[in-house]
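Student: Okay, here's the structure, questions in a sec.
The values are calculated or read from the model by the stated rules, or taken from the named source; none is laboratory data. Quick caveat: nothing in here was measured; it's all calculated off a predicted structure. Cβ atoms come from the backbone with ideal geometry, glycine included; neighbour counts cover every protein chain shown. The protein model used for the area step is the full one, side chains on, heavy atoms only, and it has no ligands, DNA or RNA in it. Shrake-Rupley method; radii C 1.70, N 1.55, O 1.52, S 1.80 Å.
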Amino acid sequence: MDSDSLHSSLDLVSGGGSTLSCEQRAALQTSLIILKRNYKFSRVLFWGKILGLRSDYFIAHGIAEDEMANRKTLYSFNCVDWHLLPPVTEAQLTEVLLLKERFKGDPSHEYEHTETSGLDEGDEAVVEEITVSVVKMTEETRLAATVLSIDREVSVVPRGAFIKTPSGRVQVNRCFEGLSESEAGKLSSYLHFSVPQQQKKKTILEIADLDPSIDFLDNLSEDMPKGSWSLQFERGSIVVLRSLLWLGLTFFHVPMTPQHGYVYMGDGLRNHYLPFML
């Protein structure tokens, strides 16, 4: 959510318990402005909070000219001092899903994960430890990979909120005035704000019905498994979307206005049991 409207946006997602204390809000309101000036960002977004056993991580995104490319991710323990997260490789994105324990709250903590497999031989089960892929990762790298995974899988924007220019740059649509109340109640009116994965799989007839300037992202209605999103109207007409894949991700949109945003406040663990819960 945009740091310029942080207070009002946090109030709109507080129905599910996603909120901050008055001290944290005041510190963020000041520090994010300084962060934007020091790093020369065009916008700063408050991404959310990942809970740790000893301390919590507060996360922010710094936006340059392109809304999707070259984003900088920063973290803080006190909402005042911010530190850049390291870049993440595709291999680390895969490895981070193997770590099931809670975050400690110490960026220098090192995780080590080894897999075990069981081989049945007659009546006795032989369990041998394999070290084919031993995962060693610091918590700072795990934090960066977790934030990127959440952004790729469950970041949400309303259809039409962003446009893609002929040069390929993604920008805020200044003409976006919000979804109508009828459209806001449909899951198909919301898109993933990440590099599209499903566009190449569409047929020519399906692509013919799309507007390339606003339909360049994947649609939430195509997510698998079906039922991984909860859509509700709260406080009368405010649309609230909650992810069941990453518990703690809450999105809001006020129909007929351009106001929208999402925040994540959770333990940073993917819900691998979702298919068995539906």
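Student: With contacts defined as alpha carbon pairs under 8 Å and 6 or more residues apart, what's the relative contact order of the chain in percent?
Tutor: Computed value for the chain: 18 percent relative contact order.
Student: Let me ask something else about it. List, largest first, the extents of the alpha carbons of the stretch 137-278 along their principal axes, each in whole Å.
Tutor: 41, 38, 29
Student: Largest first, what is the accessible-area ranking of 174, 159, 235 with a 1.4 Å probe?
Tutor: 174, 235, 159
Student: Over the chain, what per residue volume does the convex hull of the Cα atoms give, in whole Å³?
Tutor: 170
Student: Next question. If each of residue 101 and residue 77 carries a label point 7 Å out from its Cα toward its Cβ, how far apart are those two points in nm?
Tutor: 1.9
Student: In degrees, nearest 10, range 0 to 90: what is the angle between the Cα axis of helix 22-39 and the longest Cα principal axis of the chain?
Tutor: 80
Student: Kindly sort 79, 22 by accessible area of their heavy atoms, largest first, with the probe set to 1.4 Å.
Tutor: Result of the area sort, largest leading: 22, 79.
Student: Here is a further query. Could you work out how far the C-alpha centroid of the stretch 1-23 sits from that of the stretch 134-203, in angstrom?
Tutor: Distance between centres, Cα-based: 20 Å.
Student: Can you tell which of 155, 18, 182 shows the greatest fluctuation in a Gaussian network model of the chain with Cα springs below 10 Å?
Tutor: 182
Student: Rounded to the nearest 10 Å², what accessible area does residue 242 have for a 1.4 Å probe in the complete protein model?
Tutor: 50
Student: For the chain, set up a GNM with springs between Cα atoms under 10 Å and report which of 258, 87, 166 has the largest fluctuation.
Tutor: Result for the chain, Cα springs under 10 Å: 166 fluctuates most.
Student: Could you pull out the longest piece of the chain with no exposed loop GluC sites (Glu not before Pro) in it, calling a site exposed if DSSP puts it outside H, G, I, E, B and it has at most 15 other Cβ atoms within 10 Å?
Tutor: In the chain, the maximal stretch lacking such sites is 178-278.
Student: Another one. Highest GNM mean-square fluctuation, the chain, Cα pairs closer than 10 Å: which of 187, 53, 74?
Tutor: Greatest mean-square fluctuation among the candidates belongs to 53.
Student: Determine the gain in length on full extension of the stretch residue 40-residue 91; use 0.36 nm per residue of separation and subtract their C-alpha separation, reporting nm with one decimal.
Tutor: Difference between extended and current length: 15.3 nm.
Student: If 221, 9 are ordered by their accessible area, calculated over protein heavy atoms with a 1.4 Å probe, which sequence runs from highest to lowest?
Tutor: Largest accessible area first, the residues go 221, 9.
Student: Enter the angle in degrees (range 0 to 90, nearest 10) between the Cα long axis of helix 139-154 and the first principal axis of the Cα atoms of the chain, meaning the one along which they spread out most.
Tutor: Computed tilt is about 50 degrees.
Student: Next question. How much area per residue is accessible in the stretch 236-277 when the probe is 1.4 Å and only protein heavy atoms are counted (Å²)?
Tutor: Here the per-residue accessible area is 40 Å².
Student: Moving on to the next point. Could you report the accessible area of residue 170 in Å², rounded to 10, computed with a 1.4 Å probe on the protein chains as they sit in the structure?
Tutor: Per-residue accessible area (residue 170): approximately 10 Å².
Student: Out of the total accessible area of the chain (probe 1.4 Å, heavy atoms of protein only), what percent is carbon and sulfur?
Tutor: 53
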